[in-house]
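The values are calculated or read from the model by the stated rules, or taken from the named source; none is laboratory data. On a predicted model such as this, the values are computed, not experimentally measured, just so you know. Virtual Cβ from ideal backbone geometry, glycine too; neighbours counted across all protein chains shown. Heads up: the accessible areas ignore ligands, DNA and RNA and are worked out on the full protein's heavy atoms, side chains in. Shrake-Rupley method; radii C 1.70, N 1.55, O 1.52, S 1.80 Å.
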Amino acid sequence: MTFPPPQPPAAHVERALCVLAHPDDVDFGSAGTVACWTAAGTEVTYLIVTDGDAGGFDDTPRQEMGPLRQAEQRAAAAAVGVTDVRFLGHPDGRLELTLDLRRDISRVIRQVRPQRVLTSSPERFWDRIGASHPDHMTVGESTLRAVYPDARNPFAFPELLADEGLEAWTVSEVWLGASPRADHCVDVTDVVDRKFAALMNHVTQVSHLPEGQLEEFVTGWMRQTARTHGLPDGRLAEAFHVVHTA
């Protein structure tokens, strides 16, 4: 039995929503892709589920870490053309698949009304365990449940419509990062400087690394991704599993 080739994603969308667990998640995995989208005129919104208060590598007081990381994420977003950055404030490192989290993500989907949502894969990536932080998988699964069925169903979380006037919205496609079944890549070679500008804003997360190590590691990772997906030598890419959800 043969199957048709995967349906490609839309060439362009008006609005995209990136839903990730922590400040810096979107930048490590997707900032080059986001830079390509904003350069093409797509309006991109970031929804960060936690403030990242469990992160960092020094003795910064915990009550200061969350605000610091929010500021870092806003600066990183600006480097790739994103000005709408929202935080849900759920506890870092303790995310669970709850109806409250699904409702919170559904609310923002209905507010932003994106044709495309980017989030983390809910599947564990055994070849690269660091990509499978429990918060990442929880946000990926919660976002997929918010996309279908919650955000499109006017009878799901009826208070969103009754109390907030947020009508149902159907997302056409979801891009899953750090997926073991990635089937689409974005060539980010020409915008990689913007990706690194975004990453370097996450001072609390990367300043402990020796000079040049971050760029070397991430460049090697993107070079391997490009090679895996058939791009010419010397190109850099980010990869996703694209799921059509309309």
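Taking amide hydrogens as placed 1.01 Å from N in the peptide plane, the amide H of Asp92 sits under 5 Å from those of Asp51, Gly52, Asp53, Ala54, each at least 5 positions away in sequence or on another chain.
Rank by packing, highest mean first: peptides 91-102, 203-214, 184-195, with packing defined as the count of other Cβ atoms within 10 Å averaged across residues.
Numbers: 91-102: 15.3, 203-214: 13.2, 184-195: 18.8.
Peptide ranking by packing, descending: 184-195, 91-102, 203-214.
Could you report segment 85-125's accessible area per residue, 1.4 Å probe, as an integer in Å²? Each step should come with its number before you reach the end.
Numbers: 1660 Å² over 41 residues.
For segment 85-125, the per-residue accessible area is 41 Å².
Remark: segment 163-246 carries 51 Å² of accessible area per residue (probe radius 1.4 Å; ligands, DNA and RNA excluded). Among the chymotrypsin sites (Phe, Trp or Tyr not before Pro) in segment 64-134, those placed in a DSSP loop whose Cβ has at most 15 other Cβ atoms within 10 Å are Trp126. How far is the Cα center of segment 195-239 from the Cα center of segment 16-86, in Å? Cα centres, segment 195-239 to segment 16-86: 16 Å.
Couplings 3J(HN,Hα) for segment 178-191, derived from phi with the Karplus relation 6.51 cos²θ - 1.76 cosθ + 1.60 (θ = phi - 60°), are 6, 9, x, 10, 4, 10, 8, 10, 10, 6, 10, 3, 7, 10 Hz, where x marks Gly and Pro.
Under 5 Å from the amide H of Glu43 lie the amide H atoms of Arg15, Ala16, each residue being 5 or more positions distant or on a separate chain, with H modelled from the backbone and absent for Pro and chain starts. In terms of packing, defined here as the mean over residues of other Cβ atoms within 10 angstrom, the peptides 58-71, 31-44, 136-149 line up highest first as 136-149, 31-44, 58-71.
Using a cutoff of 8 angstrom between alpha carbon atoms and counting only pairs six or more residues apart, the relative contact order for the chain works out to 24 percent. In whole percent, and with a 1.4 Å probe on the protein chains, what portion of the accessible area of segment 173-233 is carbon and sulfur? C and S fraction of accessible area: 52 percent. Working note: Debye formula, equal point scatterers on the alpha-carbon atoms of segment 32-115, no solvent; log10 I(q)/I(0) at q = 0.16, 0.18 Å⁻¹ is -0.73, -0.88. Taking only the Cα atoms of segment 197-243, the ratio Rg/Rh comes out at 1.07, with Rh defined as the Kirkwood radius.
What are the equivalent ellipsoid semi-axes of the chain, built from the alpha-carbon gyration tensor (square roots of five times its eigenvalues), in whole angstrom, biggest first? Before the final figure, lay out the partial values.
On the way: eigenvalues 141, 112, 54 Å².
The three semi-axes for the chain are 27, 24, 16 Å.
Inter-label distance, Leu161 to Arg94: 3.5 nm, where each label sits 7 Å from its Cα along the C-beta direction.
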